[in-house]
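Asks: I have a structure here, written as structure tokens, and I will follow up with some questions on it.
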Amino acid sequence: MDAQPSDGVLSFFQDVPDPRAANVRFRVGDIIAMAIMALVSGADDWSMVATYAESKVKWLNTFMGLHDGLTPSCHTFRRFFERLNPEAFEACFLKWMQEVVKVSGGKLVAVDGKTLRRSFQHGWDKSGMAHMVSVFAQANRQVLSHREIIT
């Protein structure tokens, strides 16, 4: 695949096999792109992904072929990603990220998260576990933020 970052996210996911039946309304690349945009914007479940897509339908339709201005429902997103081949998706995602690194000259911000071992009170109740999230600027090798998140 000779996709360029300027071609957009859609071009990098055109090789992901469609896990659905032939009577589909939305293209594979469109569903993946909407989900990525929603997740980057703070969505953390399929309902929020669908709400994001619906709220941006006019803009999304400028570069996606959304029929009748409709976006996928939360159930459509969930079913699609449940059936999606994870290896094929990972391969396309890595190609996209490698191209982003090339274009940025390696000047990226990395986000990393870890769950702290044994950060819960009881073995039978793992609620209250501590998670650490770090944001690291590659260009000047500086940690921009380091937060603890308790679930």
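Taken together, the values in this text are just the output of simple stated rules run on the coordinates, not laboratory data. Keep in mind that this is a model prediction, so the values were computed, not measured. Backbone-built Cβ (ideal geometry, glycine too); neighbour counts: all protein chains shown.
Asks: Can you give the net charge of the other residues whose Cβ lies under 15 Å from the Cβ of Val49, counting K and R as +1 and D and E as -1? Could you put the intermediate results ahead of the total?
Replies: Values: positive: Lys56, Arg78, Arg79; negative: Asp30, Asp44, Asp45, Glu54, Glu82.
Neighbourhood net charge equals -2.
Asks: Report the local net charge at Leu108: Lys and Arg +1, Asp and Glu -1, summed over other residues whose C-beta lies under 13 Å from its C-beta.
Replies: Working: positive: Lys102, Lys107, Arg141; negative: Glu99, Asp112.
Result for the neighbourhood of Leu108: +1.
Asks: Fewest first, what order do Ser11, Ser145 take by the number of other Cβ atoms within 10 Å?
Replies: On the way: Ser11 20, Ser145 10.
With the sparsest Cβ surroundings first, the list reads Ser145, Ser11.
Asks: Could you work out the local net charge near Phe26, counting Lys and Arg as +1, Asp and Glu as -1, over the other residues with Cβ closer than 14 Å to its Cβ? Don't skip to the end; give the middle numbers.
Replies: Working: positive: Arg20, Arg25, Arg27, Arg78, Arg79, Arg83; negative: Asp18, Asp30, Glu54, Asp68.
Net charge in that neighbourhood comes out at +2.
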